[in-house]
Ligand code: PSU
Ligand code: MN
């Protein structure tokens, strides 16, 4: 086959490579949340706090991005700073973007899909983020279904997130995941969390009460040859959750404004996140930061159980 092996595009930071070679727990983290998901400088402060939370819980963090066409697993402070400062000026990179961003030696912030791909190449099986992409409301007109869902159907990484954000069509997102064979497990809950709020109108497929429960299902899934990811949905900590009626109205308003402005495709999620942050006077951003830190902690515990024999 022409071309180089994937390994030749991959740079794993020494600390991460060391942990992986010794079978120690590592947690992957995405970079689109830094560039497109939060404003500077809260984005880089959050990235640092999330890495610290992973460490405190006993795992090594590996923030993933593309820099100068290299697939980077484990970023330095300066590299995170660079991505955070460029913000939405950096390419939001999903599966379809990887060939061009790498071939052109550009920088790219990786979405859940692209982060899963690179994490799996590096041998990392647990990934923490805030929210995954999904089926967008109005999909019957737009066909907007995030590539994150297809990736979850094929790539062996467990994604720890705060459930499914109600800017999305939660019911259709769950249907899509079911079709893809992706289990959606609630972490200490029977109800699917909805990102800013601890619950939604939907149930999860399975409840896991501990990190060990989650790790056990991951091991069985992949030992059976059932390729693909899992969604581990963790409710936002009570004290940081937003009131459902207030946030629902703001989300509806943001979606209406987005349609009016003709925002489409990959710009949708960043637009909605920043509009919602504006309309909540930053309370949604605070909630977002806290839920990611919480997810990072739980992901580290799951990675530790997964690494243990
Ligand atoms: N949800 C969030 N914050 C984010 C994202 C989702 O609360 O930053 C990002 C993730 O990187 C996710 C991407 O993979 O948005 C989904 O984008 P799209 O819908 O264009 O696939
Ligand atoms: Mn989309």
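Every number here is computed from the coordinates shown, using simple stated rules; none is lab data. Source: prediction; values computed, not measured. Heads up, the Cβs are rebuilt from the backbone with ideal geometry, glycines too, and the neighbour counts pull from every protein chain shown.
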Rounded to two decimals, what is the ratio between the C-alpha radius of gyration of segment 223-265 and 2.2 N^0.38 Å?
1.90
Sorting check: for 122-134, 166-178, which peptide has the highest mean count of neighbouring beta carbons within 10 Å, and how do the rest follow?
122-134, 166-178
Classify segment 28-82 from the C-alpha gyration tensor, please: rounded if a/c falls under 1.5, else prolate or oblate depending on whether a/b exceeds b/c.
oblate
Taking N as the number of residues in segment 1-132, the ratio of its alpha carbon radius of gyration to 2.2 N^0.38 Å works out to 0.97
What relative contact order, as a whole-number percentage, does the chain give when Cα pairs under 8 Å and 6 or more residues apart are counted?
20 percent
Segment 126-184 pair-distance distribution - Cα-Cα, 5 Å bins, rounded %:
4, 19, 32, 28, 12, 4, 1
Mind pulling up the Rg/Rh value for segment 73-112? Radius of gyration and Kirkwood radius, both on Cα.
0.96
When the chain is treated as a Gaussian network with springs between alpha carbons less than 10 Å apart, the largest mean-square fluctuation among 189, 142, 115 is found at 142
For a protection proxy built on the mean count of beta-carbon atoms within 10 angstrom, sort 224-232, 33-41, 7-15 highest first, please.
33-41, 224-232, 7-15
One computes Rg over Rh for the chain from alpha-carbon atoms, with the Kirkwood Rh, and obtains 0.94
Solution diffusion estimate, µm²/s, Stokes-Einstein, segment 220-309, Kirkwood Rh from C-alpha pairs, 20 °C, viscosity 1.002 mPa s
136 µm²/s
From the helices alone, meaning DSSP H stretches of at least four residues, give me the mean residue ellipticity at 222 nm for the chain, per-run term -39500 (n - 2.57), in deg cm²/dmol to the nearest 500.
-14000 deg cm²/dmol
Packing-based order for 89-98, 193-202, using average beta carbon neighbours within 10 Å, highest first:
193-202, 89-98
P(r) over all Cα-Cα pairs of segment 126-240, 5 Å bins from 0 to the longest distance, whole percent per bin, short to long, reads 2, 13, 24, 26, 19, 10, 4, 1, 0
